[in-house]
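The values are calculated or read from the model by the stated rules, or taken from the named source; none is laboratory data. Just so you know, these numbers come straight off a predicted model, no measurement behind them. Don't worry about glycine lacking a Cβ; one is built from the backbone with ideal geometry, like all the others, and counts go over all protein chains shown. To get the accessible areas, we keep the full protein, side chains included, count just its heavy atoms, and leave off ligands, DNA and RNA. Shrake-Rupley method; radii C 1.70, N 1.55, O 1.52, S 1.80 Å.
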Amino acid sequence: MFDSLLVANRGEIARRVIRTARQMGLRTVAVYSEADGDLPFVAEADESVLLGPANPAESYRNVEATLQAARSTGAAAIHPGYGFLSENADFARAVVQAGLVWVGPSPEAIVEMGDKVAARNMMAAAGVPVSPGTEEPLDSAGAAVAAAAGIGYPVMIKAAAGGGGMGMAVAENADELAAKFETVTAFAARTFGDGRVFIERYFPAVRHVEVQILGLADGRVLALGERDCSVQRRNQKVAEETPSPAVGPALRARMFAAASAAGQAVGYVGAGTVEFLLDPAAGEFYFLEMNTRLQVEHGITETVLGIDLVAEQLRVAAGDAPGFDTGAVVPRGHAIELRINAEDSKRFLPGPGHITEWIEPSGDGIRVDAGYTGGNTVTPFYDSLMAKLIAFGETRAEALDKAARAVEGFTIVGPKSNLAFQAELLANAEFRSGEYDTGLIGRMRS
């Protein structure tokens, strides 16, 4: 095991990685922007280095500044967290070329899975189910309309280099497809620097279920449970749970096998996630994408399995054996994660501000991974996530009830928060029944 780790991220995930690294006896290095100097993760690291201004391009996405921080502090390894540089193959390659340990999959795997069209084709070749769609990027709206005639409406237009729920739109007919094709293409070029798009069949009433994988140093790829991520606004997750209420033993076995095959196909090493769209009525699922990093919602998998996924990432990166018995991975109980964002509870618009009061809930089965505390300021420069509230129960009903009490006991004064929405969600009959889909929030707001 290397002796020191630089965490190339901020807020909640930086704090989370630093906690485990220090428990494992590693010296930790935080990097931060001018806007984040007073956040907890900076103080909790053994050393900290200012990267630059608040603009992520000049700080958290600045490859050279991050590598220089590693050099100046003598850090031996870099953990990228999620977002920012975590799925940047050029950064991963630069880390390795600098003689440092990259805590993540190979740059080649990042490239292959970062291109959504190439990833679909690779998964299909590996026997992983993919939804009907185009095998190549489309160069015009006319080509998209022609392809959709064979796929069937509605279709989803997606950016080939997209991610994070951005760069996509649904079209119900040819006229709508032609108009939205141009919009998505322009957005993709502007946001991702890559205007290529493709289309695939859109399923209106589906679940979004992902499988946690861990590629080991010996070449095996383990499937470590599924998470239901169907509670979404604007294609972005707001709450997650494990196990999925929509997945029974037989379907789970099929999804795990497909996820492992996906990881094997790309030679995956480290923690990653294979995301699927699930049609509960038909019992069929389709590959959506592979995230070549740790997910925001990894904590609920840790909670039901008793496995520290960050520790396992570090062990794999060091070439070590896993810290758990791979033949005896047995989940226990049920866990729910609620993303506590600095946004209003009606329209989900960002509402940054200075935190004058911050009181976290506690108690049996409650875990809070927070990036902020009282006296900090939530700025408009970054994602609105302030904290992740995780509730564990022996049953789903118990987890729901604990989560509701925890939301009631969570106080945040200053910035806006979506705590009122999370309370509404936990009381919603459709959500509590477990028989919901990705259209849930739309129905709650209609």
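The figures follow:
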item: Boolean, PHE285 is of a type outside the set (D, E, K, R), under 18 Å from VAL130 (Cβ atoms), out of contact with any Cys (no Cβ under 6 Å at 6 or more places or on another chain) and in a strand (DSSP E or B); result: yes
item: Among (1) touching a strand residue (DSSP E or B) at 6+ places or on another chain (Cβ under 7 Å); (2) under 30 Å from LEU278 (Cβ atoms); (3) of a type outside the set (A, V, I, L, M, F, W, C) - the single one GLY127 does not satisfy; result: (1)
item: Qualifying residue in region 164-182 (condition: modelled with pLDDT under 95, assigned to a strand (DSSP E or B), among the aliphatic types (A, V, I, L, M) and buried (at least 23 other Cβ atoms within 10 Å of the Cβ)); result: no
item: Residue among GLY323, GLY306, GLY270 that is modelled with pLDDT of 95 or more, under 15 Å from LEU216 (Cβ atoms) and over 17 Å from the mean Cα position of the chain (by Cα); result: GLY323
item: Residues satisfying the stated conditions in region 202-219, i.e. buried (at least 22 other Cβ atoms within 10 Å of the Cβ) and among the small types (Gly, Ala, Ser); result: GLY215
item: For TYR32: the one exception among (1) open to solvent by 20 Å² or more (accessible area, probe 1.4 Å); (2) assigned to a helix (DSSP H, G or I); (3) of a type in the set (Phe, Trp, Tyr); result: (2)
item: Test for ALA223: is it in contact with a strand residue (DSSP E or B) (Cβ under 9 Å, 6 or more places away or on another chain) and under 21 Å from TYR268 (Cβ atoms); result: yes
item: So GLY374, is it in a loop (DSSP other than H, G, I, E, B), under 22 Å from ARG16 (Cβ atoms) and not basic (Lys, Arg); result: yes
item: Tally, over region 34-66, of residues that are out of contact with any helix residue (DSSP H, G or I) (no Cβ under 7 Å at 6 or more places or on another chain) and within 26 Å of GLY299 (Cα to Cα); result: 8
item: Criterion violated by GLY83 - all others in (1) open to solvent by 20 Å² or more (accessible area, probe 1.4 Å); (2) modelled with pLDDT of 95 or more; (3) within 25 Å of ASP308 (Cβ to Cβ) satisfied; result: (2)
item: Residues that are in a helix (DSSP H, G or I) and either under 30 Å from ILE307 (Cα atoms) or in contact with a helix residue (DSSP H, G or I) (Cβ under 9 Å, 6 or more places away or on another chain) (or both), drawn from region 183-226; result: THR185
item: Residue that is nearest to ASN341 (Cα to Cα), among those in region 395-405 that are in contact (Cβ under 8 Å) with a residue 60 or more places away in the chain and part of a helix (DSSP H, G or I); result: ALA403
item: Boolean, LEU85 is in a loop (DSSP other than H, G, I, E, B), out of contact with any His (no Cβ under 9 Å at 6 or more places or on another chain) and at negative phi; result: yes
item: Only one of GLU176, GLU240 that is in contact with a Lys or Arg (Cβ under 7 Å, 6 or more places away or on another chain) and at negative phi; result: GLU240
item: Residue that is modelled with the lowest pLDDT, among those in region 1-25 that are hydrophobic (A, V, I, L, M, F, W, C) and open to solvent by 10 Å² or more (accessible area, probe 1.4 Å); result: MET1
item: Verdict on ARG432 being of a type outside the set (Ser, Thr, Tyr), at pLDDT below 95 and under 24 Å from ARG234 (Cβ atoms); result: no
item: Counted residues, region 92-145 - those being part of a helix (DSSP H, G or I) and open to solvent by 40 Å² or more (accessible area, probe 1.4 Å); result: 13
item: Region 395-444, subset basic (Lys, Arg) and farther than 17 Å from ALA246 by Cα, residue most open to solvent (accessible area, probe 1.4 Å); result: ARG405
item: Qualifying positions in region 241-272 - open to solvent by less than 50 Å² (accessible area, probe 1.4 Å), more than 17 Å from CYS229 (Cβ to Cβ) and not small (Gly, Ala, Ser); result: VAL266, TYR268
item: Residue match in region 237-244 (condition: touching a Pro at 6+ places or on another chain (Cβ under 9 Å) and in contact (Cβ under 8 Å) with a residue 24 or more places away in the chain); result: yes
item: Qualifying positions in region 322-367 - in a strand (DSSP E or B), under 30 Å from ILE213 (Cα atoms) and open to solvent by less than 30 Å² (accessible area, probe 1.4 Å); result: HIS334, ALA335, ILE336, GLU337, LEU338, ILE340, ASN341
item: Residues within region 55-80 that are open to solvent by less than 20 Å² (accessible area, probe 1.4 Å) and part of a loop (DSSP other than H, G, I, E, B), tallied; result: 4
item: Region 288-303 - residue that is of a type outside the set (A, V, I, L, M) and not in a helix (DSSP H, G or I) and, of those, farthest from the chain's Cα centre (by Cα); result: GLU289
